[in-house]
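> Starting off with a structure, shown below.
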Amino acid sequence: MERCNQIWYAFGTMALLAVSALADDVVVLTEDNFEKEVGQDKGALVEFYAPWCGHCKKLAPEYEKLGSSFKKAKAVLIGKVDCDEHKGVCSKYGVSGYPTLQWFPKGSLEPKKYEGPRTAEALAEFVNNEGGSNVKIAAVTSSVVVLTADNFNDIVLDENKDVLVEFYAPWCGHCKNLAPIYEKVATAFKSEEDVVVANLEADKYRDLAEKYGVSGFPTLKFFPKGNKAGEEYEGGRDLDDFVAFINEKAGTSRDGKGQLTSKAGIVESLDALVKEFVAAGDDEKKAVFSRIEEEVEKLKGSTARHGKIYLKAAKTCMVKGAGYAKNEIERLQRMLEKSISPAKADEFTLKKNILSTFA
């Protein structure tokens, strides 16, 4: 894992970067789709950037904030082009430095260059004036838990929590690049009561950073329920890498969007009994059901909650017959396709996954 290895004492006076990390709501433009998206029935602000460009990296969180705020605006598109990958597009529109921001009016491919401040608020004012919209920058609440000297022990050393901690420095380029991804990791696991994704500014809390052997940035350490000494995270920095790591370590089953996977709620010891239950005749089902009850009583934590769903499913199957599981799965799928709260989505997904073992 790459890190900023400068000694942070030399940078103690540097200003803190205020990073607002959001989901990727900016439209990715390419050679293939540029003229299908831009110059059509809406005005478009386009950022022409290079992934190695420092000024582009600094703009990125502000531009994502802009994209998030204008996501539902019918008259405006907020887009971006990677000029390393799509040189032809960038050359066509006279891009010679990065980032270059250009406004394309509705129905036109003749751009107007943006020369103003590179803040989300300034960009929004420009887009509203040019596009005739009236969008305000959305307030963004971070899902990353901010650690301090006062709350570190209470949160990180809680034996009931699995905690991932990023030790960062505000001047560290690698930390700035990681920030949007780390925010998505925190968002993906925000519904998990026993999982915490947190960060600590090592410049400000040097004693804590030294205590845990931090010498470069970012340093990521995982503090599982059973090992509060902490273990260094040495995996990849992509969202999927972090998600896979936490799922393995914490026993969770989330994807990068925070949704439960098809494995969520499945208890192997109960699955074996369910197979017997499904294969058993009507007279034998009660005996297998009793064994399922006994196994559920042994379960603890989240698996105990899942066990209760198994029991309810088995009991209902005995009353309503073999077709119940299939019909209920179809009903739950229809519910999941509607606009429902994350909590309800979790509830329905768990039931659907467990019922699939009975189908």
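> The conditions are (1) in the same structural domain as residue 39 (by the TED database); (2) without any contact (Cβ under 8 Å) to a residue 12 or more places away in the chain, and residue 210 fails exactly one of them. Which is it?
The one condition residue 210 does not meet is (1).
> Which of (1) of a type in the set (Gly, Ala, Ser); (2) at pLDDT 95 or above; (3) more than 16 Å from residue 39 (Cβ to Cβ); (4) crowded, with 17+ Cβ neighbours inside 10 Å is the odd one out, the single condition residue 120 does not satisfy?
(2)
> Further question: Tell me which helices (runs of 4 or more DSSP H) are completely within segment 83-187 and hold 1 or more residues being among the hydroxyl-bearing types (Ser, Thr, Tyr), in contact (Cβ under 8 Å) with a residue 24 or more places away in the chain and under 17 Å from residue 47 (Cβ atoms), or say none if there are none.
Passing ranges: none, list empty.
> Still on this structure, please answer the following. Out of 292, 309, which single residue is among the β-branched types (Val, Ile, Thr), within 19 Å of residue 348 (Cα to Cα) and in contact with a Leu (Cβ under 9 Å, 6 or more places away or on another chain)?
None of the others qualify; the one that does is 309.
> Select from segment 304-325 the residues that are within 19 Å of residue 352 (Cβ to Cβ) and open to solvent by 50 Å² or more (accessible area, probe 1.4 Å) and list them in ascending order.
Listed by number, the residues that qualify are 305, 308, 312, 315, 320, 322.
> Let me ask something additional. Considering only segment 31-57, state which residues are surrounded by fewer than 19 Cβ atoms within 10 Å (Cβ to Cβ) and not in a loop (DSSP other than H, G, I, E, B).
The answer is 35, 36, 37, 54, 55, 57.
> Can you tell me which residue within segment 337-358, out of those that are in contact (Cβ under 8 Å) with a residue 24 or more places away in the chain and not in a helix (DSSP H, G or I), is nearest to residue 266 (Cα to Cα)?
Step by step, filter segment 337-358, then rank; the result is 357.
> Scanning segment 66-76 for residues that are open to solvent by 30 Å² or more (accessible area, probe 1.4 Å) and either under 24 Å from the mean Cα position of the chain (by Cα) or aliphatic (A, V, I, L, M) (or both), which turns out nearest to residue 98 (Cα to Cα)?
Here the answer is 68.
> Looking for something more than 18 Å from residue 34 (Cα to Cα) and in contact with a Gly (Cβ under 8 Å, 6 or more places away or on another chain) - is there at least one such residue anywhere in segment 57-65?
yes
> Given (1) in the same structural domain as residue 158 (by the TED database); (2) over 24 Å from residue 348 (Cα atoms), identify the lone condition not met by residue 246.
Only one criterion is unmet by residue 246, namely (2).
> Restricting to segment 313-324, what's the tally of residues that are over 32 Å from the mean Cα position of the chain (by Cα), assigned to a helix (DSSP H, G or I) and not polar (S, T, N, Q)?
Result for segment 313-324: 7.
> Output the number of the condition that residue 257 fails; it satisfies all remaining conditions of (1) at pLDDT below 95; (2) in the same structural domain as residue 348 (by the TED database).
Every condition holds for residue 257 apart from (2).
The values are calculated or read from the model by the stated rules, or taken from the named source; none is laboratory data. All figures in this text were calculated on a predicted structure; none of them were measured in a lab. For neighbour counting, all protein chains shown are included, and Cβ atoms are generated from backbone atoms with ideal geometry for every residue, glycine included. For accessibility, only protein heavy atoms count, side chains too; no ligands or nucleic acids. Shrake-Rupley method; radii C 1.70, N 1.55, O 1.52, S 1.80 Å.
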